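Accompanying notes for the structure given below.
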Amino acid sequence: MAIPTRQQAVAIVLDLHPSARLLRHIGAVADVAAFLAARAAARGRVVDRRLVETAALLHDVDKLFPPGDPRRAGGHGVAGARWLAEQGWAELAEPVAAHPVGRLLDHEGDLAAWLATAPPEPLIVAYADKRAAQRLEPMASRFARWRRDHPDRDGSLGRAWGIALELEQHVCKAAGLAPTAVRRLRWTDRAIARGRR
């Protein structure tokens, strides 16, 4: 199966009319994920950079569907993964389904095994999403915002925080850098500008 190119992924996003805020988030996550994938690949890690970049750009595709749309069924991440698979891009399903912060709790009991056996692409996309809201930021800032915006989920976010720290160490080790050295590989602004023409 073919993975959409960067430009095809941008066209998919733009055709669904994202808000400016969501588009900035999508771009930031895709830029961070591309940086991490490039660094890991440069260190000899086997990582499908095209899969990472495209999945990161499409990770919130289900948020682009109108409220109440049946394509949102199954919840965030799962709905997007299902829709992408239905479009013929099943390779994107795992990284998209695995990215929401709540999905980290799926690995509470088997964290070491998950990090040791999961393909790098979903791990990179999930981590990039924890580092980028509208811009690259420390993971602690992102979690603080989630806690403020969702006080009813404070307990689950606290548990997810510990897992996210392990995810951060794993992904950054593969990329050969400290979390403070994570950057954006800026490509999305140009790709979005081209897509709008």
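The values are calculated or read from the model by the stated rules, or taken from the named source; none is laboratory data. These figures come from a predicted structure and were not determined experimentally. So basically every Cβ, Gly included, is an ideal-geometry build from the backbone, and we count neighbours across all protein chains shown. Accessible surface areas use protein heavy atoms only, side chains included; no ligands, DNA or RNA. Shrake-Rupley method; radii C 1.70, N 1.55, O 1.52, S 1.80 Å.
Collect the residues in the stretch 124-150 that are aromatic (Phe, Trp, Tyr) and touching a Phe, Trp or Tyr at 6+ places or on another chain (Cβ under 8 Å), keeping them in residue-number order.
Quick first cut of the stretch 124-150, residues aromatic (Phe, Trp, Tyr) only: 127, 143, 146.
Passing the criteria: only PHE143.
Assessment of the stretch 173-183 against the conditions (part of a helix (DSSP H, G or I) and under 30 Å from ALA11 (Cβ atoms)) yields at least one matching residue.
From the list ALA116, ALA112, ALA97, which residue is open to solvent by less than 60 Å² (accessible area, probe 1.4 Å), among the hydrophobic types (A, V, I, L, M, F, W, C) and either part of a helix (DSSP H, G or I) or at pLDDT 95 or above (or both)?
Numbers: ALA116 fails: open to solvent by less than 60 Å² (accessible area, probe 1.4 Å); ALA112 fails: open to solvent by less than 60 Å² (accessible area, probe 1.4 Å).
Going through ALA116, ALA112, ALA97 in turn, just one is open to solvent by less than 60 Å² (accessible area, probe 1.4 Å), among the hydrophobic types (A, V, I, L, M, F, W, C) and either part of a helix (DSSP H, G or I) or at pLDDT 95 or above (or both): ALA97.
Looking at the stretch 64-71, can you tell me whether even one residue there is in contact (Cβ under 8 Å) with a residue 60 or more places away in the chain and farther than 14 Å from LEU165 by Cα? So far as the stretch 64-71 goes, no, none of its residues is in contact (Cβ under 8 Å) with a residue 60 or more places away in the chain and farther than 14 Å from LEU165 by Cα.
So which of ARG147, ARG159, ARG183 ends up being touching a strand residue (DSSP E or B) at 6+ places or on another chain (Cβ under 8 Å), surrounded by fewer than 17 Cβ atoms within 10 Å (Cβ to Cβ) and of a type outside the set (Phe, Trp, Tyr)? Give the steps one after another, and end with the answer.
Details: ARG147 fails: touching a strand residue (DSSP E or B) at 6+ places or on another chain (Cβ under 8 Å); ARG159 fails: touching a strand residue (DSSP E or B) at 6+ places or on another chain (Cβ under 8 Å).
Among ARG147, ARG159, ARG183, only ARG183 is touching a strand residue (DSSP E or B) at 6+ places or on another chain (Cβ under 8 Å), surrounded by fewer than 17 Cβ atoms within 10 Å (Cβ to Cβ) and of a type outside the set (Phe, Trp, Tyr).
Looking at the structure I just gave you, is ALA20 small (Gly, Ala, Ser) and either closer than 17 Å to HIS99 by Cβ or touching a His at 6+ places or on another chain (Cβ under 6 Å) (or both)? Spelling it out, it is not the case that ALA20 is small (Gly, Ala, Ser) and either closer than 17 Å to HIS99 by Cβ or touching a His at 6+ places or on another chain (Cβ under 6 Å) (or both).
Tell me which helices (runs of 4 or more DSSP H) are completely within the stretch 1-60 and hold 1 or more residues being among the basic types (Lys, Arg), open to solvent by less than 60 Å² (accessible area, probe 1.4 Å) and more than 18 Å from GLU86 (Cβ to Cβ), or say none if there are none. Outline the logic, then answer.
Numbers: elements: 6-15, 20-42, 49-57.
Here the list is empty.
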